[in-house]
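Here is the structure we will look at.
The values are calculated or read from the model by the stated rules, or taken from the named source; none is laboratory data. Source: prediction; values computed, not measured. In this analysis, Cβ positions are derived from the backbone assuming ideal geometry, glycine residues included, and neighbour counts consider all displayed protein chains. The protein model used for the area step is the full one, side chains on, heavy atoms only, and it has no ligands, DNA or RNA in it. Shrake-Rupley method; radii C 1.70, N 1.55, O 1.52, S 1.80 Å.
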Amino acid sequence: MPGPDETQLEIAALGAALKVERRRQGLSVKELSARSGVSFGLISELERGKGNPSFSSLHRLARALEVALPQLLSRLGGDGMVVRADERHHLPETPGADAPPVRELLSPRMQSNLQVIRSTLPVGFTNEGRPFRHLGTESVLVERGRLRVVHGEREVELGPGDAMTYGCSTPHWWANAHDDVTVVLGSVTPLET
């Protein structure tokens, strides 16, 4: 059974597939709403990777797009090898963050156990009050700016080109330690080292 993070990723993938197909057909959200009978708000929310759409709503959207629902769902993985810059999936925002980061998935969705994520952290970002803790191993590389990483009792500040790898079952959090945005490339696998 998928966990809450995995479920949100799947909903975000479904929303992205819906948005790609809607745009491919040249439809606005309003036009798709009128055609499908699904509310504008639900479609908009789904395309932003949020919500919990019913099967009935998904079926109506697929019919309005003249695409079989299994065909729409099969697009969750995309190409399988290539992720174009304008097709990156945006991961859900960090709940409760005053300055939420922009997190883009660079690896194809649902294709492997490896996720590669580009995070753009605004000035003042910290998730100290909500540290992460999950299974897996994470490796991060600072592309630009400075990143403060706290992993358990250890605190490290990374600059451009610096990298760090750690087990994710230990509580860990990040903070932008720079007076401008910080950009971090990260890879996560569910295997713990």
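Values for this structure:
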quantity: Loop-located chymotrypsin sites (Phe, Trp or Tyr not before Pro) in region 114-193 whose Cβ has at most 10 other Cβ within 10 Å (DSSP); calculated: none
quantity: 30 Å tail of the calculated P(r), the chain, as % of Cα pairs; calculated: 27
quantity: Exposure ranking of 130, 63, 148 by accessible area [1.4 Å probe, largest first]; calculated: 63, 130, 148
quantity: Largest to smallest accessible area among 81, 164 [probe 1.4 Å]; calculated: 81, 164
